[in-house]
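Contents: one structure, followed by commentary.
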Amino acid sequence: MGRSLCASSFVAVGLVVLVCSAAAAAAETYVVGDSKGWGFSVAYDSWASGKAFAAGDTLASR
């Protein structure tokens with residue numbers, strides 16, 4: 001019984017690590033304003049409308 005519980009725990013931990021890794025790999029990095037960068041000349045509402053942001057994504061300013 002001890003080995004069965006240990007093997008089940010090992011599989012469960014492996015699945016959690018796999019799911020967390022897949023979520024991290026799916027994260028995107030967006031450069032705010034794309035090639036125009038951050039500034040007053042960028043219409044950020046138009047820029048953001050073409051994006052599908054999700055939890056874990058990163059916004060970078062340049």
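Some points to look at:
- Among the residues of the stretch 43-60, those identified as on the phi < 0 side of the Ramachandran plot and assigned to a loop (DSSP other than H, G, I, E, B) are Ala43, Gly50, Lys51, Ala52, Phe53, Ala54, Ala55, Asp57.
- The residue pairs whose first member lies in the stretch 47-62 and is closer than 9 Å to Gly33 by Cα and free of Cβ contacts under 8 Å to residues at least 24 places away in the same chain, whose second member is of a type outside the set (Ser, Thr, Tyr) and surrounded by 10 or more Cβ atoms within 10 Å (Cβ to Cβ), and whose beta carbons are closer than 9 Å, counting only pairs six or more residues apart or on different chains, are Trp47/Val32; Trp47/Gly33; Trp47/Asp34; Trp47/Lys36; Ala48/Val32.
- Residues in the stretch 1-51 that are under 16 Å from Arg62 (Cα atoms), hydroxyl-bearing (Ser, Thr, Tyr) and surrounded by 10 or more Cβ atoms within 10 Å (Cβ to Cβ) were compared, and the one that is modelled with the lowest pLDDT is Tyr44.
The values are calculated or read from the model by the stated rules, or taken from the named source; none is laboratory data. Remember, it's a predicted structure, so these values are computed and weren't measured experimentally. Neighbour counts run over all protein chains shown; Cβ positions are idealised from the backbone, glycine included.
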